[in-house]
């Protein structure tokens, strides 16, 4: 599983400041087609000391996914995104405006 998580982390590290990706988008870029939940599991394991910008991954609705298991990091995630200039309206961000569009050759070359 660590190789899978490493691929996810490699993708997430490439998301630029002020942009976001969805769980499904990260899964596809990590070649884990149809497995967005695996991305969620991987990001749940990220520690505060990590260099992985976990906060830049949101759900397909453009929302911070809420969970009682996250111990308040739902609010931290939104705060971190707002600090990067991302605006929320009624708890959603505009994916058309903020979604990361990586170059075709990015992530894992053939």
So, of the residues in region 14-32 that are in a loop (DSSP other than H, G, I, E, B) and within 17 Å of residue 2 (Cα to Cα), which turns out to be nearest to the chain's Cα centre (by Cα)?
30
Please verify whether region 72-87 includes one or more residues that are within 20 Å of residue 27 (Cβ to Cβ) and in a loop (DSSP other than H, G, I, E, B).
no
I'm checking my understanding of the structure. Among residues of region 48-71 that are farther than 25 Å from residue 28 by Cβ and assigned to a loop (DSSP other than H, G, I, E, B), which one is modelled with the lowest pLDDT?
71
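Considering region 62-78 alone, what residues qualify as being under 13 Å from the mean Cα position of the chain (by Cα) and loosely packed, with under 14 Cβ neighbours inside 10 Å?
Residues of region 62-78 that are under 13 Å from the mean Cα position of the chain (by Cα), as a first pass: 62-65, 74, 77-78.
Once the filter is applied, which keeps residues that are under 13 Å from the mean Cα position of the chain (by Cα) and loosely packed, with under 14 Cβ neighbours inside 10 Å, region 62-78 yields nothing.
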Can you confirm whether residue 39 is in contact with a helix residue (DSSP H, G or I) (Cβ under 8 Å, 6 or more places away or on another chain), more than 19 Å from residue 91 (Cβ to Cβ) and touching a residue at least 40 places away in the same chain (Cβ under 8 Å)?
no
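Quick one: in region 88-110, of everything that is surrounded by 15 or more Cβ atoms within 10 Å (Cβ to Cβ) and in a loop (DSSP other than H, G, I, E, B), which residue is modelled with the lowest pLDDT?
Result: 107.
The values are calculated or read from the model by the stated rules, or taken from the named source; none is laboratory data. Source: prediction; values computed, not measured. Positions of Cβ are generated from backbone atoms using ideal geometry, with glycine treated the same way; all protein chains shown enter the neighbour counts.
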